[in-house]
Structures are given as C-alpha cells and as structure tokens.
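Here the structure comes first, spelled out in structure tokens, and everything after it is commentary.
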Amino acid sequence: MATQQVVDLTTEEATTEATTEATKPLILLVSLNLASSFDDDYASLCSQLKSKANLQRVEEKSLAIRLLSKNPRPLAVLVTDESIALDKNSRAWEAVSRYVLQGGTAVVMGHFPCFISPDQLRPFFAKAGVPWDALWDRHTTVVLNKETVGDDLAARLPPRYNQKALFIRNVEPTDIWYVMSDDSVVKSYVFAPAPIEENVHGETSVALKCVGTGKLGYIGDVNAGEELTAIVLAMCGLPA
C-alpha cells in the first residue's frame with residue numbers, strides 16, 4: 001500500500017494547512033469523487049510532486065471553490081476524476097476555469113479519462129472555452145511533438161511511449177504534445193497489432209492550450225507510468 005503523499009484538506013483545516021510549507025509552490029488536487037485506489041495507482045507521481053511542491057487535495061466542491069479564489073494561488077491544479085463534469089459540480093469547474101483565465105494552470109488527468117462518459121467531454125470543455133471533444137480509446141504508441149513543446153521540454157519528456165488513452169479531437173496543432181506516427185498501430189490483448197486506418201485532424205491524447213492568461217491541459221493516458229509523471233511535472237512547471 002502506498003505511503004500517504006497528499007495532504008487531504010477539510011473545511012476546518014484549510015485555513016491553517018493552506019499556508020504550510022509556504023516556501024514550496026502549491027499543487028492542488030481537485031478530487032470530488034476520489035477512488036480508493038488513486039493513492040496506490042499514482043503513488044510515484046504523488047511522491048515526485050511532494051518532493052517538489054506542497055501537495056494538497058480537496059474532495060469538497062465548496063472548499064475547492066474557496067481555495068481557488070484565495071491567495072496564495074496554486075502553481076497548478078490537477079483535476080483527477082470525472083465527477084467535476086457532473087451538473088452538481090459545475091460551480092467547481094467554473095472556479096477552475098476562472099483560475100485558468102486569470103493565469104493558472106489546470107490539467108485534467110488521472111481517473112478522469114478512465115470514467116468520463118464520451119458524450120460529456122465536449123460540453124465540459126466548452127464551458128472553459130475549448131472545443132475539444134472525445135474521439136476514441138486507443139492502445140498505441142505516441143511520439144513527442146517537439147515543434148510544440150520546444151527544445152527545453154523535449155529534453156526531459158519521453159520521445160515516444162506506449163499508452164492506453166482516451167484521445168480527443170479539435171485540438172490546435174500548436175497545442176498537441178504527442179501524436180501518432182506513421183508506424184503507430186492499434187494494440188490489442190486479443191488480436192494482432194493493426195495499422196491505424198484513419199488519422200483525424202487535431203487528434204491527440206496529450207494537449208496543453210493557452211486559455212486567457214493561463215493554460216489548460218489534458219492527459220488521456222489511463223496508466224500511471226513514469227512517462228505520465230514526466231508530462232505532469234512539465235505541465236505544472238516543476239523541475240524534472
């Protein structure tokens with residue numbers, strides 16, 4: 001079982017705990033439907049984040065809204081599950097979207113692509129002013145888009161890796177971090193690897209878009225490997 005890496009905030013603790021480790025940047029996990037397996041699944045990621053930042057988590061909508069509107073602002077927010085797309089949690093997503101518009105970085109990842117209904121994705125991102133939509137689930141190899149990320153990030157990100165991911169479409173080329181190459185194939189545990197018959201313009205499983213004065217990211221990879229950890233650290237603006 002994973003060692004606890006995340007400070008879980010309650011309403012009572014928020015005032016005091018939010019100022020703990022003030023010398024470190026704050027990374028806030030918004031987990032409104034936290035799965036019991038999350039800390040084990042993402043133990044390596046949380047350990048890396050904890051070594052570089054003050055890592056805190058909120059599971060209550062009202063507390064998430066309050067923390068996103070006060071100072072010190074988080075360096076980045078990780079939205080870790082699909083519950084934020086529900087109507088009952090729309091105000092929490094609005095708070096995340098405002099935080100991004102005002103200069104923050106938010107990354108949708110973790111259990112979100114595992115459990116989100118594809119028909120929820122387009123209206124969810126539309127509320128943040130982004131046209132992304134669900135495309136398909138694929139198990140394939142993706143390649144780093146070096147033209148988008150630049151030389152500095154390219155030096156620390158995996159040049160290519162195998163992932164099982166929920167892909168999205170309608171992504172601007174300049175926002176795509178990983179693409180499928182000409183030799184990418186669809187993998188299966190039952191059938192032999194098959195060539196990809198169709199590439200959709202603007203498709204990707206990893207994207208980061210400027211929205212307002214901030215950035216909104218998406219990582220559709222459902223596996224919590226070292227490659228995902230490297231991508232999250234880079235999107236959050238943390239050192240490798």
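If we keep just the residues of the range 217-240 that are over 20 Å from Ala134 (Cα atoms), aliphatic (A, V, I, L, M) and at pLDDT 95 or above, which is nearest to the chain's Cα centre (by Cα)?
Narrowing the range 217-240 to residues over 20 Å from Ala134 (Cα atoms): 224-227, 229-240.
From what is left, the residues that are aliphatic (A, V, I, L, M) are 224, 230-235, 238, 240.
Filter again for at pLDDT 95 or above, leaving 230-235, 238.
Values: Ala230: 12, Ile231: 9, Val232: 7, Leu233: 10, Ala234: 11, Met235: 9, Leu238: 14 Å.
Per the criteria, the residue is Val232.
Would you mind listing the helices (runs of 4 or more DSSP H) fully within the range 56-159 where at least 1 residues are farther than 19 Å from Leu228 by Cα? Please lay out each step first, then the result.
Working: elements: 61-68, 90-101, 112-115, 118-126, 146-154.
Passing ranges, in order: 61-68, 90-101, 118-126, 146-154.
When the residues of the range 39-79 are filtered to those that are polar (S, T, N, Q) and under 21 Å from Met235 (Cβ atoms), which remaining residue is surrounded by the fewest Cβ atoms within 10 Å (Cβ to Cβ)?
Per the stated criteria, the residue is Ser51.
Considering only residues of the range 193-214 that are assigned to a strand (DSSP E or B), of a type outside the set (A, V, I, L, M) and closer than 21 Å to Pro158 by Cα, which is modelled with the highest pLDDT?
Initially, the range 193-214 is screened for residues assigned to a strand (DSSP E or B), giving 194-195, 204, 206-211, 214.
If we keep only those that are of a type outside the set (A, V, I, L, M) as well, we get 195, 204, 209-210, 214.
Now restrict to residues that are closer than 21 Å to Pro158 by Cα: 204, 209.
Details: Thr204: 95, Lys209: 98.
The residue in question is Lys209.
The values are calculated or read from the model by the stated rules, or taken from the named source; none is laboratory data. Since the structure is predicted, the reported quantities are computational estimates derived from the model, not experimental observations. Note: ideal-geometry Cβ built from the backbone for every residue, glycine included; neighbour counts use all protein chains shown.
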